[in-house]
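What follows is one structure encoded as structure tokens, with my remarks underneath.
The values are calculated or read from the model by the stated rules, or taken from the named source; none is laboratory data. Source: prediction; values computed, not measured. Cβ placement follows ideal geometry from the backbone for every residue including glycine, while neighbour counts extend to all protein chains displayed.
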Amino acid sequence: MDLPLPLIKVEGTPSECGVAYGAAARAMIAANTANYLDRFAATGLDRPAVRRAGSLFRAASRQHAPRVAQLLDGVAEGSGVPVEEIYALNARTELLYGNRATECTSIGVLDSRTASGHTVLAQNWDWHPAQRPYTLLLATRDERGSTVLTLTEAGMLAKAGFNDAGLGVCVNMLTSDRDGRPGGVPYHVLLRAVLEQRVLGSALRVACSTPRSASINLLLGQSFSAGVPDSVGVPGEIIDLEVAPSDVGVLNPIDGVITHANHFEALPTVHDTLRDIGSSSLFRSARARRLLGSLPIAEKDIQGVLADHGGYPQAICRHDADALTEEDRSESLYAVVLDLDERRMSIAAGPPCQADTYHEVRLTGLFA
């Protein structure tokens, strides 16, 4: 399979999947952990402080997302990285929450608006360019037969992805005055817990009810084209959740489309700290919606929006060109399109304006 990054496939119980993943990506996980330890140190967190934080996040994850915690404990065992550091790795957003670099533009389109008649999610993943070598695709099939495919960083469990029930998620970082509160599960643990769900309502319940310490935007969707009684011909659904500590905002599709960047649009009860400093986020979401237009939306149209340079270099297609400091550097590392009806991920190495092609991974036959 011709892909722009490694694909790791594991099967078994959560613990068995975690151990196998840790062993398969052992070198990448060790390197990624060392990389983040350096980044944590630059913000004043030495290794003992990182491990103390990781221990607290492990306790919260075991309480509120036990199957995900079993996965992460297995990753630590398989990779040989201390378990507290694995949890700190998965809590990199919480531990770096003072870093206000913006990342990602997400798009959701209902089947009533796509040229294919399929429910589609898409996004650019914008982050520090140093993370590119530590990125992979993770495919898991658990003991119940549930299959998940997700883009992620080595040692972590989720980012943009979907499962064989046709449920998918894209993600954007948000920042609020509530971030940093103790007791929540890591941002990326919450993402994985959502992807473990088979039903959209259950995914929403997990996203809303799980305690968190950082703000996060989840663009969720599900195709009802298979696996549900009498679901043939039933339209899919998309919904956006702005999830802050102790509060949730909701956006529903307008004319079959949802777009989102890195500022709050539906949750006036929290102070959006991004508004204190300004950001390209304030136009990226609206621009993405406008560029999609009013005609039936083909997948190439979505790819074109992900490659848009309006506001370059701080555009939807983000380029590493104008950072004030090393920590502020950001680039669209990968572009992802999720066709939830086909259970297909199309992924391009970024910046997407330079991508010659999108590479496809389908869940069908992945574990044949």
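Look at Leu282 and say whether it is in contact with a Lys or Arg (Cβ under 9 Å, 6 or more places away or on another chain), without any contact (Cβ under 8 Å) to a residue 60 or more places away in the chain and surrounded by fewer than 19 Cβ atoms within 10 Å (Cβ to Cβ). Steps first, please.
Details: in contact with a Lys or Arg (Cβ under 9 Å, 6 or more places away or on another chain): yes; without any contact (Cβ under 8 Å) to a residue 60 or more places away in the chain: yes; surrounded by fewer than 19 Cβ atoms within 10 Å (Cβ to Cβ): yes.
Criteria met by Leu282.
Kindly state which helices (runs of 4 or more DSSP H) lie completely within segment 1-66 and contain at least 1 residues that are within 22 Å of the chain's Cα centre (by Cα) and among the charged types (D, E, K, R). Explain how you work it out, then say what you get.
Details: elements: 14-24, 26-42, 47-64.
Where helices (runs of 4 or more DSSP H) fall fully within segment 1-66 and carry at least 1 residues being within 22 Å of the chain's Cα centre (by Cα) and among the charged types (D, E, K, R), they are 26-42, 47-64.
Which of the residues spanning segment 187-216 are among the basic types (Lys, Arg), at pLDDT 95 or above and outside any helix (DSSP H, G or I)? Talk me through it step by step, then tell me what you get.
The first filter runs over segment 187-216 and keeps only residues among the basic types (Lys, Arg), leaving 192, 198, 205, 212.
Those left that are additionally at pLDDT 95 or above: 192, 198, 205.
Listed by number, the list holds a single entry, Arg198.
Table: residues versus (1) out of contact with any Cys (no Cβ under 6 Å at 6 or more places or on another chain); (2) under 16 Å from Asn32 (Cβ atoms); (3) of a type in the set (A, V, I, L, M).
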{"site": "Leu45", "(1), (2), (3)": "yes, no, yes"}
{"site": "Pro48", "(1), (2), (3)": "yes, no, no"}
{"site": "Arg52", "(1), (2), (3)": "yes, no, no"}
{"site": "Phe57", "(1), (2), (3)": "yes, no, no"}
{"site": "Arg62", "(1), (2), (3)": "yes, no, no"}
{"site": "Leu72", "(1), (2), (3)": "yes, yes, yes"}
{"site": "Ala76", "(1), (2), (3)": "yes, yes, yes"}
{"site": "Pro82", "(1), (2), (3)": "yes, yes, no"}
{"site": "Leu89", "(1), (2), (3)": "yes, yes, yes"}
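Test Leu157 against the criterion of being outside any loop (DSSP other than H, G, I, E, B) and either acidic (Asp, Glu) or within 30 Å of Ala30 (Cα to Cα) (or both), and give yes or no.
Details: outside any loop (DSSP other than H, G, I, E, B): no; either acidic (Asp, Glu) or within 30 Å of Ala30 (Cα to Cα) (or both): yes.
For Leu157, the condition - outside any loop (DSSP other than H, G, I, E, B) and either acidic (Asp, Glu) or within 30 Å of Ala30 (Cα to Cα) (or both) - is not met.
Scan segment 95-106 and tell me whether some residue there is part of a helix (DSSP H, G or I) and in contact (Cβ under 8 Å) with a residue 12 or more places away in the chain.
Checking segment 95-106: at least one residue is part of a helix (DSSP H, G or I) and in contact (Cβ under 8 Å) with a residue 12 or more places away in the chain.
Have a look at Asp240, Asp272 and point out the one that is touching a strand residue (DSSP E or B) at 6+ places or on another chain (Cβ under 8 Å), among the acidic types (Asp, Glu) and modelled with pLDDT of 95 or more.
Values: Asp272 fails: modelled with pLDDT of 95 or more.
Of Asp240, Asp272, the one residue that is touching a strand residue (DSSP E or B) at 6+ places or on another chain (Cβ under 8 Å), among the acidic types (Asp, Glu) and modelled with pLDDT of 95 or more is Asp240.
When the residues of segment 342-354 are filtered to those that are surrounded by fewer than 20 Cβ atoms within 10 Å (Cβ to Cβ) and touching a residue at least 40 places away in the same chain (Cβ under 8 Å), which remaining residue is nearest to His128 (Cα to Cα)? Steps first, please.
Here is the first cut: in segment 342-354, the ones surrounded by fewer than 20 Cβ atoms within 10 Å (Cβ to Cβ) are 342, 344, 353-354.
Filter once more, keeping what is touching a residue at least 40 places away in the same chain (Cβ under 8 Å): 342, 353.
Working: Glu342: 31, Cys353: 18 Å.
Per the stated criteria, the residue is Cys353.
Which of the numbered conditions does Leu295 fail, given that it passes all the others? Conditions: (1) over 21 Å from Thr119 (Cβ atoms); (2) loosely packed, with under 14 Cβ neighbours inside 10 Å; (3) at pLDDT below 95; (4) of a type in the set (A, V, I, L, M, F, W, C).
For Leu295, the failing item is (1).
Would you mind finding the one in Thr273, Thr259 that is surrounded by 17 or more Cβ atoms within 10 Å (Cβ to Cβ), touching a helix residue (DSSP H, G or I) at 6+ places or on another chain (Cβ under 6 Å) and not aliphatic (A, V, I, L, M)? It would help to see each step written out before you state the result.
Values: Thr273 fails: touching a helix residue (DSSP H, G or I) at 6+ places or on another chain (Cβ under 6 Å).
Sole residue among the options that is surrounded by 17 or more Cβ atoms within 10 Å (Cβ to Cβ), touching a helix residue (DSSP H, G or I) at 6+ places or on another chain (Cβ under 6 Å) and not aliphatic (A, V, I, L, M): Thr259.
For segment 171-185, state whether one or more residues are crowded, with 24+ Cβ neighbours inside 10 Å and more than 30 Å from Asp247 (Cβ to Cβ).
The answer is no; no qualifying residue exists.
Quick check on segment 69-86. Is at least one of its residues surrounded by 18 or more Cβ atoms within 10 Å (Cβ to Cβ) and touching a strand residue (DSSP E or B) at 6+ places or on another chain (Cβ under 6 Å)?
Looking for residues that are surrounded by 18 or more Cβ atoms within 10 Å (Cβ to Cβ) and touching a strand residue (DSSP E or B) at 6+ places or on another chain (Cβ under 6 Å), one finds none in segment 69-86, hence no.
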